[in-house]
Structure formats: structure tokens, C-alpha cells
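Please read the structure below before turning to the comments.
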Amino acid sequence: KKPIWLDCDPGHDDAFAIILAAYHPSLELIGISTVVGNQTLDRTTQNAYKVAYIAGLSNNIPIIPGCGESLCQHVVTCPEIHGQTGLDGADIPEHPEYKTLIKQQDENYLWNIYQKIISVGRPVTLIATGQLTNIALLLKVFPQIKNSLSEIVLMGGCIGIGNMQPGSEFNFMNDPDAAHIVFTSPHVPRLVMVPLELTHTVCATPNVSERLRSLASPFSSILDHLLHFFASTYKQIYHFDSPPLHDPCAIAYVADKDLFEGQMMHVDIERTSEFCRGRSVCDVFDKHRKEKNCFVVMKIKEVEQFWNMMLDAIELADKK
Ligand code: BDR
Ligand code: CA
């Protein structure tokens, strides 16, 4: 099994990413860290605990609250898509040990994440489905982490159309300086970006909801309600017929690379422009002849296979 660490900001799609990361048979989830983004750090952390609880994750998988702010700009959260709690739409029970576990957390979160990753003893895949603040800090403070990583896989960015600004995606725009650090760091063994172009093809259609409902359990009903809420906000804000489930696509890529197509290219992160701050400038045609620093995932061959994978993971979690 491939050891993975998930840095996330749950978040509806992050919640599904946690489930897939924990229950895909070829992955071993060794820990979760949280970051501000879809909601405040307190809420994304509490949500990560809630999801871990309802999905039956072992308490041996640590959940470490990371950074609650962006490196050089004010924090922006996303209640218009994820609601005031960050996981609106379902009544999710609190993790019974949340208060005890959270009290045991100290301020040395970076050190703790680093320690957990290096103690695995095998190269770990770091997956980030939120803004890149924790990842950038890790690379700056513990550059030697490179020796313990096999790759960093990010859900974020776009080749063309953005969702936060016309040309900028939410996770990158929320901390462009952090994204810039990650894309220019010499301490990343391999960098993979799963952009909006890919995730917008993986939408939770009514058929997906039907499959979920057919599991007929309290757990599947919570997930169904979450999807329902996510569908309604995506319809209202972006006029999507069905909501794109961005974050689990990054997990699916790590679990089954053959399911995806993409190419190496140079990607720059724009940090100063008035209209394009946070934009991932993807040099698809190698116009700048710069070093190809990122594998950009551009196509999923069989969307149905993704949903089979996702629903299998949900079924396994349900039995826990
Ligand atoms: C990304 O933004 C967040 O709202 C989602 O969780 C996803 O990670 C998509 O742009
Ligand atoms: Ca996310």
C-alpha cells in the first residue's frame, strides 16, 4: 500500500477525499492535516474529525490542525459554497473525543507533521486539497523532507477558466505565495497538479446520488445530504447541473494513475497581477522553454471508474 498524507480544508469535496484516502485498497492514510480555506481552521479541523468519526477512521490516524492564515494576505473562506459550518447540509455527529484530542495538539504542528511523515520509513505521497500554506511552510522549514516524499499531488489551479476570479482557482488564489513556494521549491521530488479542467469533468450526477441512496445507511444518507447541499450552491453560483467533486480526484490519481492522462509542463504562479493573482500559468506549448516543473493531469479516461472507486470506499467505510 502507498503511504499518503492528506492536507485538506473540509469542505464537502474534501470530506469525500478523506473517505477515499482512508478506504482505497491500495492506499494507506497515515495522517491528516488541516488548513484554513473553505472555512476557518477551527471549522475545517472540527469537520475533519467529524468525517473521520462517521467514516470509522482509526484514532491512530492523527488529525493535526495546521495554519489558520495565509502567508501574505487576508484569509478568505467560502461559505457561499460550503455553508457557515464548512459542511452544511447534513447533521453530522461530533467526534466523541474531539475535545480531548484537540487539547493535546500543541503549536508545533509543522514539526509534528514532519515527524509523522519521516517516521513512516518509506517515501510518502503528500496530497493537498486546500490552500498550500502548510505545504509551503513544511518545504521551507524542513527541506530535508524531500528524502521522505515520493511526490506532492495538488488539487488546485486551472489551465484556463478559474472559479475564484476569471483566471484563478480557489486553493491557489487563497495563498498564491504558498503556491509559488511549492512550484519553485527544489525540495519537491515530483509535483502533480489536478486542475479545474479535470475536476469539472467529475460531477456528482443524480445517478451518483441514487447509487449513494441505495446503500440506505445513516452514513450514506449524510453523504447524500452533503452532496445535495453542494449541488444546490454549485447550481446557484456556477450554474452547474451537478457539482464537481474536485478533491477526491487527486486521491484517485494517486491510487490509479492509469486512469488519467496529462503532461509535464512549466507552471508559474502569478502573484502580483491585478486580475490574475493566484493564476497557474500553464505553459502547455512550452513557449517559455523553461524547466518542466509539474505534471498537469488533463483527462480522466473513465469517469465511471472514478465513481466505482469512490462508492466502493464509501461502502467499506459504511461497514466500519
Ligand atoms: C477547491 O476549492 C475548494 O472549495 C474545494 O474544496 C476544492 O479544494 C476547488 O477550487
Ligand atoms: Ca478543498
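The values are calculated or read from the model by the stated rules, or taken from the named source; none is laboratory data. This is a predicted model, so every value here is computed, not measured. We place every Cβ from the backbone using ideal geometry, glycine too, and count neighbours over all the protein chains shown.
Key figures
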quantity: Unmet criterion (only one of (1) without any contact (Cβ under 8 Å) to a residue 40 or more places away in the chain; (2) in contact with a Ser or Thr (Cβ under 8 Å, 6 or more places away or on another chain)) for Pro65; calculated: (1)
quantity: The lone exception for Glu261 - which of (1) part of a helix (DSSP H, G or I); (2) within 20 Å of the chain's Cα centre (by Cα) it fails; calculated: (1)
quantity: Residue under evaluation Ser70, criteria (1) in a loop (DSSP other than H, G, I, E, B); (2) touching a His at 6+ places or on another chain (Cβ under 9 Å); (3) within 16 Å of ligand 2 (Cβ to nearest atom), criterion not met; calculated: (2)
quantity: Hits in the stretch 1-51 - residues which are buried (at least 24 other Cβ atoms within 10 Å of the Cβ), within 15 Å of ligand 1 (Cβ to nearest atom) and assigned to a loop (DSSP other than H, G, I, E, B); calculated: Asp9, Pro10, Gly11, Val35, Val36, Gly37, Asn38, Gln39
quantity: Residues of the stretch 186-218 classified as crowded, with 21+ Cβ neighbours inside 10 Å and of a type outside the set (Val, Ile, Thr), total; calculated: 6
quantity: Test: His239 is at pLDDT 95 or above and surrounded by 17 or more Cβ atoms within 10 Å (Cβ to Cβ); calculated: no
quantity: Test: Glu151 is within 20 Å of Val297 (Cα to Cα), within 16 Å of ligand 2 (Cβ to nearest atom) and of a type in the set (D, E, K, R); calculated: no
quantity: Set Gly167, Gly157, Gly130: member being over 19 Å from the mean Cα position of the chain (by Cα), small (Gly, Ala, Ser) and surrounded by 15 or more Cβ atoms within 10 Å (Cβ to Cβ); calculated: Gly167
quantity: Sole residue being away from ligand 1 (no atom under 12 Å from the Cβ), at positive phi, more than 13 Å from the chain's Cα centre (by Cα) and not polar (S, T, N, Q), chosen from Gly56, Gly68; calculated: Gly56
quantity: Residue within the stretch 118-127 that is closer than 30 Å to Ser232 by Cα, in contact (Cβ under 8 Å) with a residue 12 or more places away in the chain and within 16 Å of ligand 1 (Cβ to nearest atom) present; calculated: yes
quantity: In the stretch 130-168, the residues that are touching a Ser or Thr at 6+ places or on another chain (Cβ under 7 Å) and either within 15 Å of ligand 1 (Cβ to nearest atom) or under 20 Å from Thr233 (Cβ atoms) (or both); calculated: Gln131, Thr133, Asn134, Val153, Met155, Gly157, Cys158, Gly162
quantity: Unmet requirement for Glu80, which otherwise passes all of (1) in a helix (DSSP H, G or I); (2) within 30 Å of Lys1 (Cα to Cα); (3) in contact with a helix residue (DSSP H, G or I) (Cβ under 9 Å, 6 or more places away or on another chain); calculated: (2)
quantity: Some residue of the stretch 283-292 being of a type outside the set (Val, Ile, Thr), touching a helix residue (DSSP H, G or I) at 6+ places or on another chain (Cβ under 8 Å) and at pLDDT 95 or above; calculated: no
quantity: Candidate set from the stretch 246-267 (those that are within 13 Å of ligand 2 (Cβ to nearest atom) and closer than 23 Å to Arg279 by Cβ); member that is surrounded by the most Cβ atoms within 10 Å (Cβ to Cβ); calculated: Asp247
quantity: Verdict on Asn134 being closer than 15 Å to Asp7 by Cα, modelled with pLDDT of 95 or more and out of contact with any helix residue (DSSP H, G or I) (no Cβ under 6 Å at 6 or more places or on another chain); calculated: yes
quantity: Subset of the stretch 173-213 (residues that are acidic (Asp, Glu) and in a helix (DSSP H, G or I)); calculated: Asp177, Glu197, Glu210
quantity: Which listed residue is outside any helix (DSSP H, G or I) and of a type outside the set (Val, Ile, Thr), from Ala250, Ala231, Ala216; calculated: Ala216
quantity: Tally of residues being touching an Asp or Glu at 6+ places or on another chain (Cβ under 8 Å) and in a strand (DSSP E or B) across the stretch 277-299; calculated: 6
quantity: Unmet criterion (only one of (1) of a type outside the set (Phe, Trp, Tyr); (2) surrounded by fewer than 24 Cβ atoms within 10 Å (Cβ to Cβ); (3) within 16 Å of ligand 1 (Cβ to nearest atom); (4) assigned to a strand (DSSP E or B)) for Asp88; calculated: (4)
